[in-house]
Amino acid sequence: QVQLVESGGGLVQAGGSLRLSCAASGLTFSSYTMGWLRQAPGKEHEFVAAIDWSGANTEYADSVKGRFTISRDNAKNTVYLQMISLKPEDTAVYYCAAAFGFARAHRPGGYNYWGQGTQVTVSS
């Protein structure tokens, strides 16, 4: 059974930082592209960032480029999202997800497994 468990969310002031973590189990972690997606109230799921199986290739939504960094540790079956210079519009539930390939990782529909999500709230 695949499990993706996010942690690290919380309440932060605008301009602050958070680091999200996602621990994976039940899959061959090093074979999967990993991504972070988010959903704000009343909106659809939105792609945030993705990293391929090796960590050599990453992709970011334009709205987070230069502020968010995705990374992974295949020895620990964990993917991270470092977020700095947070803005109120970053407020959302953040989901970790796993995909078979990197080509469709920029689309929420490209993911095969999803975590339960962690809330990030940025106050102004």
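The values are calculated or read from the model by the stated rules, or taken from the named source; none is laboratory data. Note that the structure is a prediction, hence the values are computed from the model and not measured. No Cβ is skipped: glycine too gets one built from the backbone with ideal geometry, and neighbour counts run over all protein chains shown. With ligands, DNA and RNA removed, areas are computed over all heavy atoms of the protein, side chains included. Shrake-Rupley method; radii C 1.70, N 1.55, O 1.52, S 1.80 Å.
Note on the chain: with neighbouring protein chains present and a 1.4 Å probe, carbon and sulfur make up 47 percent of its accessible heavy-atom surface.
Spin-label model, Lys87/Arg19: points 7 Å from Cα along the beta carbon direction are separated by 2.5 nm.
Computed with a 1.4 Å probe on the full set of protein chains, the accessible area for Asp73 sits at about 50 Å². Qualifying trypsin sites (Lys or Arg not before Pro) in region 1-78, where qualification requires a DSSP coil assignment and no more than 14 other C-beta atoms within 10 Å, comprise Lys43, Lys65, Lys76.
May I ask you to compute the full-extension gain from Ser124 to Ser7, defined as 0.36 nm times their residue separation minus their alpha-carbon distance, rounded to one decimal in nm? Intermediate results must be reported in sequence, preceding the final value.
Values: separation 117, 0.36 × 117 = 42.12 nm, distance 2.26 nm.
Going from the current span to full extension adds 39.9 nm.
Distance between the modelled labels on Glu46 and Arg67, one decimal in nanometres: 0.9 nm (7 Å Cα→Cβ projection). Comparing mean-square fluctuations of Ala49, Ala75, Ala61 from a GNM of the chain with C-alpha springs under 10 Å, the top value falls on Ala75. The charge dipole of the chain, taken about the Cα centre with unit charges on the Cβ atoms of Lys, Arg (+1) and Asp, Glu (-1), comes to about 80 debye, rounded to the nearest 20.
What percent does the relative contact order of the chain come to when contacts are Cα pairs within less than 8 Å and at least six residues apart? Present the calculation step by step, with values, prior to reporting the outcome.
Working: 317 pairs, mean separation 43.5, N = 124.
Over the chain, the number comes to 35 percent.
Given +1 at the Cβ of Lys and Arg, -1 at the Cβ of Asp and Glu and no other charges, the dipole of region 33-97 around its Cα centre is 160 debye to the nearest 20.
Taking GluC sites (Glu not before Pro) across region 1-75, the ones in a DSSP loop with at most 15 further Cβ atoms lying within 10 angstrom of their Cβ are Glu44. Computed with a 1.4 Å probe over protein heavy atoms only, the accessible surface of the chain comes to 50 Å² per residue. Connecting C-alpha atoms closer than 10 Å in a GNM of the chain, tell me which of Ala105, Ala40, Ala24 has the biggest fluctuation. Ranking Ala105, Ala40, Ala24 by mean-square fluctuation puts Ala40 first.
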